[in-house]
1. Consider ARG110 against the criteria (1) in contact with a Gly (Cβ under 7 Å, 6 or more places away or on another chain); (2) of a type outside the set (A, V, I, L, M, F, W, C); (3) part of a helix (DSSP H, G or I): it satisfies all of them except one. Which criterion is unmet?
2. Tell me, yes or no, whether region 79-87 has at least one residue that is within 14 Å of the chain's Cα centre (by Cα) and not assigned by TED's automatic domain parsing to the domain that holds THR35.
3. Would region 113-130 turn up any residue that is touching a His at 6+ places or on another chain (Cβ under 6 Å) and in a strand (DSSP E or B)?
4. If you scan region 137-156, which residues turn out to be within 14 Å of THR105 (Cβ to Cβ), touching a residue at least 40 places away in the same chain (Cβ under 8 Å) and not charged (D, E, K, R)?
5. Among the residues of region 146-155, is there at least one that is assigned by TED's automatic domain parsing to the domain that holds THR35 and of a type in the set (Gly, Ala, Ser)?
6. Looking only at region 142-159, how many residues end up being in a strand (DSSP E or B) and surrounded by fewer than 14 Cβ atoms within 10 Å (Cβ to Cβ)?
7. Quick one: which of LEU150, LEU74 is more than 26 Å from VAL42 (Cα to Cα) and touching a strand residue (DSSP E or B) at 6+ places or on another chain (Cβ under 9 Å)?
8. What number of residues in region 28-49 are charged (D, E, K, R) and without any contact (Cβ under 8 Å) to a residue 24 or more places away in the chain?
Amino acid sequence: MFARSTLAPALALALIAGPALAQAPETKITPVEATDLPPAVVAAVTKAAPGLKIKEAELKVRENRRYYDVEGTLPDGAEIEFDLLEAGGRWKIVETQRDIAWTATPQPVRDAAVKAAPKVAPVRVIESTQADGEVIYELFAEGQPTAPALEVSWKGGGAKVLTQAWPH
C-alpha cells in the first residue's frame, strides 16, 4: 500500500543469494473506502495517530482471521499503515508499518541479513512494529514488490532471520 520508490537509487540493487522465505497463506483482499470503515477501526487508528488522514483501506481475510489494513498520512506528511485484527468482535492494532531506509535499520538487523544473504541490498524496507514491541523488518528485492525476499525479527536487542513469512 505504500509508495514503492522511497529508497535512494543507490540501494536499488537486487537481494541476492538469500534463504527462501516460506510464503504466507493465501489472502482474500477487498478494497474498502475510508468512509465505509467500521467506526471502531477508525477510532483505533486515530487514537494511535491523532490527526491521521486515512487514504485507503483493505479488508483481508486469511486463515479465518479478518484484518483491516488502513493507510494514511500523518500531520507531518509521513505515511503510515495500521493492520488491525478482529478478535472477539473488537478491532485491535496488531502491526504498525512505515517505510524506512536500509541504513536506518538497527545494525544487528543489517548484520543478520548480510549473514543470511551476503549481497543483501534491499530496494525497500518496511519496519513493522508489532503490538508487543517486536519489530519485523521486511526486505524487498528488485523486481519483487509484492512479497519480502527476507524478513528479520528484532526483539530484546536480538536479530533473527525468519524462515517463514510473518503472520500479520
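1. (1)
2. Within region 79-87, not a single residue is within 14 Å of the chain's Cα centre (by Cα) and not assigned by TED's automatic domain parsing to the domain that holds THR35.
3. no
4. Matches in region 137-156: LEU139, PHE140, PRO148, LEU150, VAL152, TRP154.
5. Checked region 146-155: no residue is assigned by TED's automatic domain parsing to the domain that holds THR35 and of a type in the set (Gly, Ala, Ser).
6. Selection size over region 142-159: 2.
7. Just one listed residue meets the conditions, LEU150.
8. The total comes to 2.
The values are calculated or read from the model by the stated rules, or taken from the named source; none is laboratory data. Predicted model, so just to flag it, every value in this text is computed and none were measured. Glycine also receives a Cβ, built like all others from the backbone with ideal geometry; neighbour counts cover every protein chain displayed.
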